[in-house]
Amino acid sequence: MSEGLDQIAAIVGAHALLTEPADVAPYASDWRGKLHGTPLAVARPASTGQVAAVVRFCGEHGIAIVPQGGNTGLAGGATPDGSGTQLILSLDRMTAIRAVDPVDNVIVADAGCILATAQAAAEEAGRLLPLSFAAEGSARIGGAIATNAGGLNVLRYGNARALVLGLEVVLPDGQVLDLLGRLRKDNAGYDLKQLFIGSEGTLGIVTAASLRLFPRIVQRQTAVLRLPSLEAVPGLHQRLDADLGEFLSSFELISSHAHRLAVAHLPKASWPFDDGWAVLVEAGSGNARIDLGDLLETALGAAIEAGLAEDAVIAQSAAQRQGLWLVRESITEGERASGPSVKHDVSVPLSRLPAVIAACEEAVHARFPGARVNAFGHVGDGNIHFNVIPTPEQLAQAGFEADLNHLVHDRIVAEGGSITAEHGVGRLRVDELVQYKAAPAIALMAQLKHLLDPAGRMNPGAVLRPAR
């Protein structure tokens, strides 16, 4: 394979083909440190043409490819296996912003562009790129699209799929599919770009994207509400949605355990309430003439009067707002610092969310005494991160994680929910997808995979079981 690596090096440049263990290591494990692979090498192309050339070469020589963006995923979708035969194809050198057009309200960026960089470019042009989540400082555009990322603003703007106007994709045979349009309306045949959004690199490699922009937010109002009980969540959301309408952008549920983990990880951080369930709410507007503060205060007062909240604290400055969001965005890091956890990124209809959380928590404590539940998430769109921090003894038990996953996911699916809301299937949920997804849907997904990637070389082992 040395000769093959020499040819890949000739395509991307010798400096951009990593083979030394120390250079390869950061690419070979997932962000959580849960999966560890042994790649053949790491190729870092600098252009779509180089990506296409590498993919063609790998196709001719039967080399499997694992595409990778910022490697911030939580489902192991960008980690190779341990065979030493799979090439990691990293897009981290493809960072260009090709265009920002405030008239068309679009930004066109390479797949390796860091999300925060694209957000800043939109801001500089007086526009908003609303895709936002905790890893935005290192996550890359291509990975966010490949996993159909959600995040903090889905409630108002939708997830990645809702923001994609066009894509440039390298297909498994090395062809470049140019779908990089800017149109809001285009009914000329099948909307092929939708195939690749959320496909986790199993059908092709996203190399660039056109994304929707929106008017820049010129004023924000942020508040934390203490709930009388978890059962108040659906009613509170319904009330605030009615009172704040299009201005409501975030509705984040945070348990007392979640905020304590974050605050412990951030010594200078604080949270307004010591215990109980809370909701972090944000409203934003691009119109400076609207009195958003008065609108929010009135809405919160009505919610308290209706018994949907016990108390509320409104951020009085940008620093206070940032402090509240810092706690929310640091929950995952705080959980990570406290020890290993088993994560469940699930979604259910909002009306069923309190009962489902309570049922899952009761089942976990009954089956695994001493395990701690850390529940939080974007519940305005039904997405909850139901994470469990086990005892060391439980973690050491054979089959513990599989048993726990079934315990939680059985209840989620029984309520019409999904076992993965925004993190994707990756390699961690492949077997569970087969268990919980309808057989005709799995069969159709497999047919699409075989049609586009008959040799099964694109990210094998992710999303679908490899064909036998």
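The values are calculated or read from the model by the stated rules, or taken from the named source; none is laboratory data. Nothing here was measured: the structure is a model prediction, and the numbers come from that model. Positions of Cβ are generated from backbone atoms using ideal geometry, with glycine treated the same way; all protein chains shown enter the neighbour counts.
Okay, here's what the table says:
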read-out	value
Test: residue in the range 118-128 that is under 30 Å from Ile65 (Cα atoms), touching a residue at least 24 places away in the same chain (Cβ under 8 Å) and not assigned by TED's automatic domain parsing to the domain that holds Gly69	yes
Residues of the range 383-414 classified as within 23 Å of Ile254 (Cα to Cα) and buried (at least 17 other Cβ atoms within 10 Å of the Cβ), total	16
Top-ranked residue in the range 145-160 [being among the polar types (S, T, N, Q) and within 19 Å of Thr420 (Cβ to Cβ); ranked as surrounded by the most Cβ atoms within 10 Å (Cβ to Cβ)]	Thr147
Flag if Asp275 is of a type in the set (D, E, K, R) and in contact with a helix residue (DSSP H, G or I) (Cβ under 6 Å, 6 or more places away or on another chain)	yes
Residues satisfying the stated conditions in the range 161-172, i.e. within 28 Å of Arg56 (Cα to Cα) and crowded, with 16+ Cβ neighbours inside 10 Å	Val164, Leu165, Gly166, Leu167, Glu168, Val169, Val170, Leu171, Pro172
Helices (runs of 4 or more DSSP H) contained entirely in the range 377-449, each with at least 3 residues that are in the same structural domain as His365 (by TED's automatic domain parsing)	392-396, 400-414
Among (1) over 21 Å from the mean Cα position of the chain (by Cα); (2) within 25 Å of Arg56 (Cα to Cα); (3) buried (at least 16 other Cβ atoms within 10 Å of the Cβ) - the single one Gln175 does not satisfy	(3)
Residue satisfying condition, being in contact with a strand residue (DSSP E or B) (Cβ under 8 Å, 6 or more places away or on another chain) and part of a loop (DSSP other than H, G, I, E, B), within set Gly76, Gly82	Gly82
Answer residue from the range 213-231, given it is farther than 15 Å from Leu295 by Cβ and not hydrophobic (A, V, I, L, M, F, W, C) and is surrounded by the most Cβ atoms within 10 Å (Cβ to Cβ) among those	Arg226
Residues satisfying the stated conditions in the range 22-47, i.e. surrounded by fewer than 21 Cβ atoms within 10 Å (Cβ to Cβ) and of a type in the set (Ser, Thr, Tyr)	Ser29, Thr38, Ser47
Residue tally, condition out of contact with any strand residue (DSSP E or B) (no Cβ under 6 Å at 6 or more places or on another chain), touching a residue at least 60 places away in the same chain (Cβ under 8 Å) and outside any loop (DSSP other than H, G, I, E, B), over the range 156-173	1
Hey, Leu350 free of Cβ contacts under 8 Å to residues at least 60 places away in the same chain and either surrounded by fewer than 19 Cβ atoms within 10 Å (Cβ to Cβ) or assigned by TED's automatic domain parsing to the domain that holds Gly150 (or both) or not	no
Top-ranked residue of the range 1-24 - restricted to ones that are in a helix (DSSP H, G or I) and within 15 Å of Asp92 (Cα to Cα), ranked as farthest from the chain's Cα centre (by Cα)	His15
Scope the range 41-94; condition more than 14 Å from Gly461 (Cα to Cα), at pLDDT below 95 and of a type in the set (A, V, I, L, M); matching residues	Leu74
Pair list, Cβ under 7 Å, 6 or more apart: the range 431-449 residue at negative phi, other residue loosely packed, with under 15 Cβ neighbours inside 10 Å and not β-branched (Val, Ile, Thr)	Val434/Arg465
